[in-house]
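Here the structure comes first, spelled out in structure tokens, and everything after it is commentary.
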There are 2 protein chains.
Amino acid sequence: MIPQHARHGALADAGRLRDVQQRDRRAPLLHDRPRAPLSASISPARTENATNIGSAAKSVLAALPTSPMTNGSAAIAILELILSSGVSELASSVAHRSASRVAIIGLGSMGMGIANALHRADLDVVGFDVSAEARARFVEQGGRGAASAADAAEGADIVVSVVVSGAQTEAMLFGAGGLADVMKAGAVFVSSATMDPAVARGLAARLEARSVHYLDAPISGGAARAAAGALTVMASGSPEAFMRARPALDAMAAKVHELGDAAGLGASFKMINQLLAGIHIAAASEAIALAAKLGLDLDKVYEVITASAGNSWMFENRIPHVLSGDYAPHSAVEIFVKDLGIVQDMARGTRYPAPLGAAALQMYLAASGLGMGREDDASLARVYALLSGAVLPTKES
Amino acid sequence: MIPQHARHGALADAGRLRDVQQRDRRAPLLHDRPRAPLSASISPARTENATNIGSAAKSVLAALPTSPMTNGSAAIAILELILSSGVSELASSVAHRSASRVAIIGLGSMGMGIANALHRADLDVVGFDVSAEARARFVEQGGRGAASAADAAEGADIVVSVVVSGAQTEAMLFGAGGLADVMKAGAVFVSSATMDPAVARGLAARLEARSVHYLDAPISGGAARAAAGALTVMASGSPEAFMRARPALDAMAAKVHELGDAAGLGASFKMINQLLAGIHIAAASEAIALAAKLGLDLDKVYEVITASAGNSWMFENRIPHVLSGDYAPHSAVEIFVKDLGIVQDMARGTRYPAPLGAAALQMYLAASGLGMGREDDASLARVYALLSGAVLPTKES
């Protein structure tokens, strides 16, 4: 058993994270809001993937990571529930959950944010990145670094992969010194890279043959929400994979879409989202630079369009970068070079013509070819301006 | 002066329309909601285009069409305000407003809805359409029909044009039997057709040379909102044109974007909106049919995407048509064949490459070529399905 104070800390942090996840993203954290009783947080929806223990145990278990606990009496209430449930497996599940050792592979802006969110949830986190600089930054911020991905993953209950592609994921798992050889039976590999669903299915099958669970769990939301533990996860996998991954999912995500019990579904949903998001950024860029070419008041264009049928989440989110002439990367051009590339490969493979996605991809390629690959993806507006002589706002103006 | 009961009716209807405009679109009409005092509805923003009378008069005048009035005492309050303002022009302006005679040219689904909204506002409405069938339907619904566009427009204070193109607008104004020859000096022509901004500027100049005002006022919102008097108008024109058109604008629109004092600006903003809207419908179609091809649960796709960064106003609005397999036209494919065509013409003219708009236009052309031109624009999803073998929901399933 783990000491009471450790569980208390983990639960308190889980409660706090739930607050982070539910708050208005611009509002300050609400540490002191009124808290619901434990029983109120036992919802049928949260229990549907915990199938291997009795229903009372499931309810209590499902309630744990979302329980709003701030004092010892709440922790005691949990223990009473555990005892009264009379399900012996439950106690070990709780212990397992609270003691979860998590490895994060990939410490870029997303991975670093996730690592911090997991750490705040009192999970035992160890991180690795192929870049020595990223590793050093992680350690500097108080993280525990490992000398290799295998060192990080060995003995971990959960490995969260925050690399960028299916190829990187495969190399990490099955290349020389790959994790598949060192991960313990029953652990879960949480894969966040955007990839072809067929690749996700293949990786899952190979890992499951070694008794390691695979959760197909692409993420969205950007670096700021990663740091806040407020990502959106589009996840699919076996109930066991979900259950094992739950402590990490709860700490890193505001919303987990549970999309089915097979790997590949999460990847497919992410592809659909990226196809739309990539087209919408290109469309927003095409429209705002055309407005500039026509000499319109661009602030007024933003006001009118965001109140009209031409609006999109991406128009609303990215055009302010153009209006302020600030292309510091929130999300880089190369992300959509990659993701729309994957969509085109997948669509071609399945004999699906996707001409808008194809046209959008050409614009990301042009931006990258012009040297803007690592700048904000709203840079596509600058490509249109360059091609047409339109004049966009600059940072100084 | 017009009789008191007529003014009272107009004002009451104006108050009701404001309710329609502000309500949740799915909620029932709220005839009996608490009403704010008149003074509360005198806002500086509503007065900025009424420049030719004193400021007290402007405030009262601007408040009129939005005043929440349901009884005689409120009408008396208006008269008291008029008298206390001591501005003689005001009384005649009020009389002018309430007595406005309005001609509607074009009685399709949009024009018919606008005519009904104007009629409910107690404006004196006469309608014309080149189609005898549309004229008959209008008369059947209690409208007053005219034998020709010129007959309708002769003597009108406001002519609202609800035809579909710049070419139709030009023919109506300056062709044989055109309105330009019969419209009275000081009247205003409110042009709602989506057209090239240069065409709008040309029409305005030619009308203004005959002392007729021109308001460049493209509309958006669809037939249901037209019927509710809840359109969005993207308008530009002289302060005089705005002032003259105000009774019609207030009756037909929930929101009037005032975009500047020259014709062409309204048209330009509408083009930007249509470019985005047209691309987004095509993108939504490309994405949902790809999801079908991948065998995903399409209801779940809708749920996930509308909560994600890939969302757009059009995705949210049009994909339900695909999910229910119902392609009865809310807005027909041909609208975007036309509008994206105008954008491409305009962009080409100004040497602006718009590849996403171009790709989207091809998909509308394909839908039209396949015989779906008069069906709902969500039919683009059927084009993608046809091209790829994806299976979409049917009305029966």
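The values are calculated or read from the model by the stated rules, or taken from the named source; none is laboratory data. Please read these numbers as outputs of a predicted model, since none were measured by experiment. Note that we place each Cβ from the backbone using ideal geometry, even for glycine, and neighbour counts take in every protein chain shown. What goes into the accessible areas is simple: the full protein's heavy atoms, side chains included, and nothing from ligands, DNA or RNA. Shrake-Rupley method; radii C 1.70, N 1.55, O 1.52, S 1.80 Å.
Observations, loosely collected:
- Among the residues listed as B:Gly373, B:Gly325, B:Gly357, B:Gly310, the single one being more than 30 Å from A:Phe269 (Cβ to Cβ) and either in contact (Cβ under 8 Å) with a residue 12 or more places away in the chain or in contact with a helix residue (DSSP H, G or I) (Cβ under 9 Å, 6 or more places away or on another chain) (or both): B:Gly373
- Residues (within 12 Å of chain B (Cβ to nearest Cβ) and at positive phi) located in the stretch A:339-373: A:Arg351
- Residue match in the stretch A:176-185 (condition: on the phi < 0 side of the Ramachandran plot, in contact with a Lys or Arg (Cβ under 9 Å, 6 or more places away or on another chain) and open to solvent by 60 Å² or more (accessible area, probe 1.4 Å)): yes
- Number of the exception - B:Ala367 against (1) surrounded by fewer than 23 Cβ atoms within 10 Å (Cβ to Cβ); (2) without any contact (Cβ under 8 Å) to a residue 40 or more places away in the chain; (3) under 26 Å from B:Asp299 (Cβ atoms): (1)
- Yes/no for B:Met234 being within 23 Å of B:Val130 (Cα to Cα) and either part of a loop (DSSP other than H, G, I, E, B) or at the interface with chain A (Cβ under 9 Å from one of its Cβ atoms) (or both): no
- Among the residues of the stretch A:370-389, those identified as open to solvent by less than 30 Å² (accessible area, probe 1.4 Å) and outside any helix (DSSP H, G or I) are A:Gly373, A:Asp376.
- Being within 12 Å of another protein chain (Cβ to nearest Cβ), surrounded by fewer than 19 Cβ atoms within 10 Å (Cβ to Cβ) and under 20 Å from A:Glu316 (Cα atoms) is a condition met by at least one residue of the stretch B:312-325.
- As for the stretch A:258-276, it holds at least one residue that is in a strand (DSSP E or B), more than 7 Å from every other protein chain (Cβ to nearest Cβ) and within 26 Å of A:Ser161 (Cα to Cα).
Residue-wise test of (1) touching a helix residue (DSSP H, G or I) at 6+ places or on another chain (Cβ under 6 Å); (2) at pLDDT below 95.
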residue: B:Ala171; (1), (2): no, no
residue: B:Phe174; (1), (2): yes, no
residue: B:Asp181; (1), (2): no, no
residue: B:Lys184; (1), (2): no, no
residue: B:Val188; (1), (2): yes, no
residue: B:Ala204; (1), (2): no, no
residue: B:Glu208; (1), (2): no, no
residue: B:Ala217; (1), (2): yes, no
residue: B:Gly221; (1), (2): no, yes
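- Taking the listed residues B:Ala223, B:Ala263, the one that is within 25 Å of A:Leu290 (Cβ to Cβ), aliphatic (A, V, I, L, M) and touching a Ser or Thr at 6+ places or on another chain (Cβ under 9 Å) is B:Ala263, with no other qualifying.
- Meets criteria (modelled with pLDDT of 95 or more and over 19 Å from B:Ala235 (Cβ atoms)) for A:Ala291: no
- Count - residues of the stretch B:290-305 that are open to solvent by 20 Å² or more (accessible area, probe 1.4 Å) and either facing another protein chain (nearest Cβ under 7 Å) or basic (Lys, Arg) (or both): 3
- Remark: pairs (first residue in the stretch A:130-158, within 19 Å of A:Ser100 (Cβ to Cβ); second residue hydroxyl-bearing (Ser, Thr, Tyr); Cβ separation under 8 Å; 6+ apart in sequence or on different chains) = A:Asp157/A:Ser100; A:Ile158/A:Ser100.
- Residue check for A:Met243: open to solvent by 20 Å² or more (accessible area, probe 1.4 Å) and away from chain B (no Cβ under 11 Å): yes
- Selection status of B:Ser211, open to solvent by less than 10 Å² (accessible area, probe 1.4 Å) and either part of a helix (DSSP H, G or I) or in the same structural domain as B:Asn116 (by TED's automatic domain parsing) (or both): no
- Count - residues of the stretch B:280-289 that are of a type outside the set (Gly, Ala, Ser) and at the interface with chain A (Cβ under 7 Å from one of its Cβ atoms): 2
- Residues that are part of a helix (DSSP H, G or I) and not hydrophobic (A, V, I, L, M, F, W, C) were ranked within the stretch B:239-257; the one that is farthest from B:Glu316 (Cα to Cα) is B:Glu240.
- A Cβ distance below 9 Å, combined with a sequence gap of six or more or placement on separate chains, defines the contacts here; from the stretch B:165-185, residues that are over 11 Å from B:Leu207 (Cβ atoms) reach residues that are of a type in the set (Asp, Glu) and not in a loop (DSSP other than H, G, I, E, B) in the pairs B:Val182/B:Asp151.
- Count of the stretch A:336-359 residues which are among the β-branched types (Val, Ile, Thr), assigned to a helix (DSSP H, G or I), within 22 Å of B:Arg382 (Cα to Cα) and open to solvent by 10 Å² or more (accessible area, probe 1.4 Å): 0
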